[in-house]
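Have a look at this one.
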Amino acid sequence: MSDVLLVLAQESLHDDLARCSAAAGFAMVVGDPARCRHQWLRAAAVVADSAALDVLAGQELPRRDGLFAVSGAGDDARLWRSGLVLGADGGFVLPEEEAALVATLSRAREPRRHPARAVAVVPGHGGAGASTLAAAVALVAARTTGVLLLDVDQAGAGADLLLGIESEPGLRWSDVNGETGSIGGAALRSAVPRTRGVGVLSAGREQPSSLRPETVLAALDASRGAGDAVVADVGREPGPVTAGIVDSVDLTVVVTTATVAAVAATRRTLDRLLREREPLLLVRGPSPSGLTAPQVADAVGLELLGGFRADASLPGRCEAGGLTLRRFSPLTRAAEAVCRRARVGAR
């Protein structure tokens, strides 16, 4: 049973829902409606009672197929009103309507179109090269699919500057900050500055204002829903923006260098930002003390995706007109490894 049924309902309904889940071929997972974005985006189906639906309505979650309202006998009509707001596909009173819920859940297991893939790149420490890697992943992904590079590292120079399009007209964060579910994926694609198949949503040159998490997540969800893969350049500051992105993406990659200090800083970053997730690690060398990439991964405590050497000519090429990738360079190979692991371009 690989399909997950996310249950957001009172404990008194759990036995009924466990029977329905098993009969329909799901693995049942009980979640918290106030902190379920990660599961919400991945579960094959979701069942929620009236109390959970009220909480979900305030979470700025994207609408999804396979949401079902459930109640016990005698629950009031709030169930149906809240479920309608969230786009529920049906409502069931348990245990009387168990058979109908099982039949509906079984249909929900039929193949459906999934959103495009999304990747977050996080620096383990300052100067790790995460922004460069994120831009490289976006350029590699653009070989096979539409891509939005989402720059939410407000301490960085900006993804538009890194790619050499800082003077290009187009939408920046200041133009959309405050928007929520009204953002359209196709409209966003045509409005942001683009280069080599990559759309870039960044702060631009103006003094950045604090990003609103609901705006960032609306842009991410809209782009994925429109078929564009998303690569998020995420900083090291904890908060709702970072947490929301990490909860939403299919793969999180942490970038570090091969020094003892970098290992210590990366472990601190993981504890602050990614304690409940399982990111992969990329190690940028060379190491001044001879540390290998597997040794760094063991010390950090993450699965190693790979290691790559710094390209001494890269800063000069970026200064001369924006990041360009050489086909067999270490950076390109690292970006290709991320795309393969994230299955960018797959559905």
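The values are calculated or read from the model by the stated rules, or taken from the named source; none is laboratory data. This one's a predicted model, so the numbers in the text were calculated from it and none came from an experiment. Methodologically, a virtual Cβ is constructed for each residue, glycine included, from the backbone with ideal geometry; neighbour enumeration extends over all protein chains shown. When the accessible area is computed, the model is the full protein with side chains, heavy atoms only, and any ligands, DNA or RNA have been set aside. Shrake-Rupley method; radii C 1.70, N 1.55, O 1.52, S 1.80 Å.
Lys and Arg at +1, Asp and Glu at -1: add these up for the other residues within a Cβ distance under 12 Å of residue 155 and post the number.
-3
Could you tell me what percent of the accessible area of the chain is made up of carbon and sulfur, with a 1.4 Å probe and every protein chain present?
With neighbouring chains kept in place, the figure for the chain is 51 percent.
What FRET efficiency, computed as 1/(1 + (r/R0)^6) with R0 = 30 Å and r the Cβ-Cβ distance, is obtained for residue 276 and residue 59, rounded to the nearest 0.05?
That pair, residue 276 with residue 59, gives E of 0.95.
Applying 1/(1 + (r/R0)^6) with R0 = 30 Å to the Cβ-Cβ distance of residue 22 and residue 96, what FRET efficiency is obtained, to the nearest 0.05?
With R0 = 30 Å, the Cβ-Cβ based efficiency is 0.95.
Mind running the shape call on the stretch 135-188? Use the C-alpha gyration tensor, a ≥ b ≥ c as the square roots of the eigenvalues: rounded below 1.5 for a/c, prolate if a/b tops b/c, oblate otherwise.
The shape class here is oblate.
Also, I was wondering about something else. Given the Cα-Cα distance of residue 298 and residue 327 and 0.36 nm per residue of separation, how much length would full extension add, in nm?
Full extension of this stretch gives 7.4 nm more.
At 0.36 nm per residue, minus the direct Cα-Cα distance, what do residue 14 and residue 310 gain on full extension? Give it in nm, one decimal, please.
In short, 101.3 nm is gained.
Treat every Asp and Glu Cβ in the chain as -1 and every Lys and Arg Cβ as +1, leave all other atoms uncharged, and give the resulting dipole magnitude about the Cα centre to the nearest 20 debye.
Here the size comes out at about 1560 debye.
What does the charge add up to near residue 297, with Lys and Arg as +1, Asp and Glu as -1, over the other residues with Cβ less than 12 Å from its Cβ?
-1
Hey, what's the stretch 137-260 come to in accessible area per residue, 1.4 Å probe, Å²?
About 36 Å² of surface per residue is accessible.
Considering only 258, 163, 324, whose Cα is most displaced toward the positive end of the charge dipole of the chain, charges sitting on Cβ of Lys, Arg (+1) and Asp, Glu (-1)?
Of the candidates, 324 comes out farthest on the positive side.
Provide the gained length on full extension for the span residue 167 to residue 144, in nm with one decimal, where the gain is 0.36 nm per separating residue minus the Cα-Cα distance.
Full-extension gain reported as 5.6 nm.
Now for a separate question. If exposed GluC sites (Glu not before Pro) are those in a DSSP loop with at most 15 other Cβ within 10 Å, what is the longest stretch of the chain that has none?
My reading of the result: 97-205 is the longest stretch.
Which net charge results for the neighbourhood of residue 199, defined as the other residues with beta-carbon distances under 14 angstrom from its beta-carbon, given Lys and Arg at +1 and Asp and Glu at -1?
-1
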